[in-house]
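Take a look at the structure below.
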Amino acid sequence: MERQTFESSYRERRWKYPPVVGETKYVGSLASFDVYNSLNYPVFDPASNDENYTFSYPLQNASRDAPSESWWLGSLANGSTIASGKHKQVSACT
């Protein structure tokens, strides 16, 4: 499973594999807060949860039919924080 972020003007017909940050309006893969291992699930509590406790996409060896939940708090898989503005998030099973 993959969760990717693109600039708001991205059009799917311009998609290329593998996506490269900075090309074809690709911003990067997302990092998701690890909600299932959170002490306060299903609530994010900034007083007791670390927003940097994340895993990065793409996920490998993930079942396509398993229920999943992702909480995105603004981080990208490369450790940076996304710039302000409008973006498009695209999900794909690979």
Quick one: if you stick a label point 7 Å off each Cα along the C-beta vector at Arg64 and Ser84, how many nm between them?
4.1 nm
Considering the dipole of the chain built from charges on the beta carbon (Lys and Arg +1, Asp and Glu -1) around the Cα centre, which of Ala31, Gln60, Tyr10 is farthest to its positive end?
Tyr10
Work out from phi, with θ = phi - 60° and the Karplus expression 6.51 cos²θ - 1.76 cosθ + 1.60, the ³J(HN,Hα) of each residue of the range 8-14, listed in order in whole Hz, and give x for Gly and Pro.
4, 8, 4, 10, 4, 5, 8
What number, in percent, do you get for the relative contact order of the range 2-92 if the mean sequence gap of Cα pairs under 8 Å and at least 6 apart is divided by its residue count?
42 percent
Using only alpha carbons, build the gyration tensor for the chain and give me the equivalent ellipsoid semi-axes, biggest first, whole Å.
25, 17, 10
Karplus (6.51, -1.76, 1.60) ³J(HN,Hα), θ = phi - 60°, over the range 37-48, in Hz, Gly and Pro reported as x:
9, 7, 5, 9, 3, x, 10, 8, 10, x, 6, 10
Can you give the extra length, in nm with one decimal, that the chain gains between Trp72 and Ser48 once fully stretched, where that is 0.36 nm per residue apart less the Cα-Cα distance?
6.9 nm
Going by average Cβ density within 10 Å per residue, which order do the peptides 67-79, 19-31 take, highest to lowest?
19-31, 67-79
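No lab work stands behind these numbers, since they all come straight from the coordinates. Computed from a predicted structure; not experimentally measured. Note that each Cβ is placed from the backbone with ideal geometry, even for glycine, and that neighbours are counted across all protein chains shown.
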